[in-house]
Amino acid sequence: MKVEDYSAKLEWYYKINPHLSHMDLAVLLTADLLYRDLSKDLYVFREKYAHFNPIVLEKPLDGITFLKIANSYESETIIRDRLNAYMNMKFNDIVHSKAYEENAVIFKKYSIIASEIFDEILERAAFPPRLKEVFKERNEVKYCYDFFEMLMLYRKTKSRRIKYEVIRNLGLIVLIARINRGVEIEDLENRMNQVWEVFVKGLRSSRETKKTYYVWLEPDYRVTYKMNKRSAETAYQKSIDKLRKHADNVYPLQKITCHSFRTFSGNKIIHMEIRNKFKSTGKPSYTSFVEKMLRKNLEFPNQVHDTIGVKIVVNTEEAIPLIISELESFLGGSSTRKLEKNNYHPFGRQDLSEYSSTEYIVWKAIYDITLPHPSITQIDRMLEITRNNKRAQEELKKRLHYLANNPKDFVIEVQLQDINSYFLSIARGSPTNHKKLKMEQIRNNSFYKVFPKEIYEHQVNELKRQLL
């Protein structure tokens, strides 16, 4: 978004409507900057994701089968057969096709997930409520769970927006199906536990020690922390007084718990954590994975390498290369390290992104970890169930032997941070707070890809007119 003369804008708004509320002003200022600077890779994205390109409404592209079916005038029976053939191609393998009713169950499930993703992208963009309402998926599309009914909706509606949202919804349903084929989502929790065991076994030589930090932001947005609650409260109060003098936002004193330990080489790790990209607040979620694919124009699910991520926090950036060396003693050496990125001093302090802060230090890389074949757990369960069936036991043991000798590489992301950067990434009000970072990434890129100017700008301008 471009830098604007807000003083002149506010004066103009109040001249037109002197009764504007603070929330009205937030809507107007945000809406006025939308669609000024579109993401630079929009053309590349639309070439790869045709279902998100509004031009298909006027010029149907050869690759969108749904539009070919929608523009045909065949009987309902033939159309349902063609739609079912499409679902079989997208949802099932080439040998095991299913009836329309079976595929319809999968279609409904993915349709609900698609709508949840659009809602969550808007939530993460953190627009003012009235502006967010402009982009909410139309109920006719949101609650249309049947493929044939979706096609009928597309045919009958005169609304260009509804037509677009039907196509967009279908494009995301197809992408979700591809993700499910490419990522063992149900097995990720088990994989995450295995990765955690690898890191604990490879690094931790001492028992964990629970430590509490009291964290706050200074007027210059530097993070400060103390481990003594009373001294932290005293220093925090002085900081608040400075912030109020400068009319800056005041954020509460934050309590953060870490679990520190010593490594086998005697290095201290302040904190270590692991996360699954398909989980948000303890619930299954596709949003982070899908949003990253769209933002980075990734065509294939296996191009996302941080499905499982391990974060390691150390005291200072000088400790980072020491931990890297320890990691590679059990991960397989530097040859397993790929896509290395950093913005910390010994490696030349390269900027990670345009959203990074100069105070924010992080090193990250992708590693291949060789884990047991994911099917071993199921074979073990089958052995238990069939323990009275000698023939089944023999076959299962053969299969188990094969799987045990054929482990699989699993790709994870490893991040190393100093303690200041870690607190900056989670402290409320911090310029590098993860939530704020995601908001900026969406507002500056993926938002324009899923809520295109050609469809939604008119409604944004209509809202501005209503307020003024």
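Kirkwood radius and radius of gyration were both taken over the C-alpha atoms of the range 411-468, and their ratio Rg/Rh is 1.22. Put in order of Cβ neighbour count within 10 Å, fewest first, the listed residues E133, E326 become E133, E326. In plain terms, the residue of W363, W196, W216 with the fewest other Cβ atoms within 10 Å comes first and the most crowded comes last, giving W196, W363, W216. A simple spin-label model places pseudo-atoms 7 Å from Cα toward Cβ; at L38 and H373 they are separated by 5.0 nm. With R₀ fixed at 45 Å, the C-beta to C-beta distance from D380 to K210 puts the FRET efficiency at about 0.85. Given R0 = 25 Å, the distance between the Cβ atoms of E102 and Y143 translates into a calculated FRET efficiency of 0.75. Shape verdict for the range 180-329, please, from the Cα gyration tensor: rounded (a/c under 1.5), prolate (a/b greater than b/c) or oblate. Note, shape of the range 180-329 comes out oblate. Here, P(r) means the percent of Cα pairs in each 10 Å bin from 0 to the largest distance; for the range 1-71 it is 16, 30, 18, 21, 14, 1. Peptides 271-278, 8-15, 304-311 ranked from most to least packed give 304-311, 271-278, 8-15, packing being the mean of other C-beta atoms within 10 angstrom over each peptide's residues. Overall, the ratio between the Cα radius of gyration of the chain and 2.2 N^0.38 Å, rounded to two decimals, is 1.15.
Using the Cβ-Cβ distance between N433 and T257 with R0 set to 22 Å, the FRET efficiency works out to roughly 0.75. By the beta-carbon count within 10 Å of each Cβ, the least crowded to most crowded order of K48, K142, fewest first, is K48, K142. Model label sites at Q393 and N228, defined 7 Å from Cα along the beta-carbon direction, differ in position by 6.6 nm.
Computed from the coordinates by the stated procedures, all read-outs in this text should not be read as laboratory data. On a predicted model such as this, the values are computed, not experimentally measured, just so you know. Positions of Cβ are backbone-derived with ideal geometry, glycine not excepted, and every protein chain shown enters the neighbour counts.
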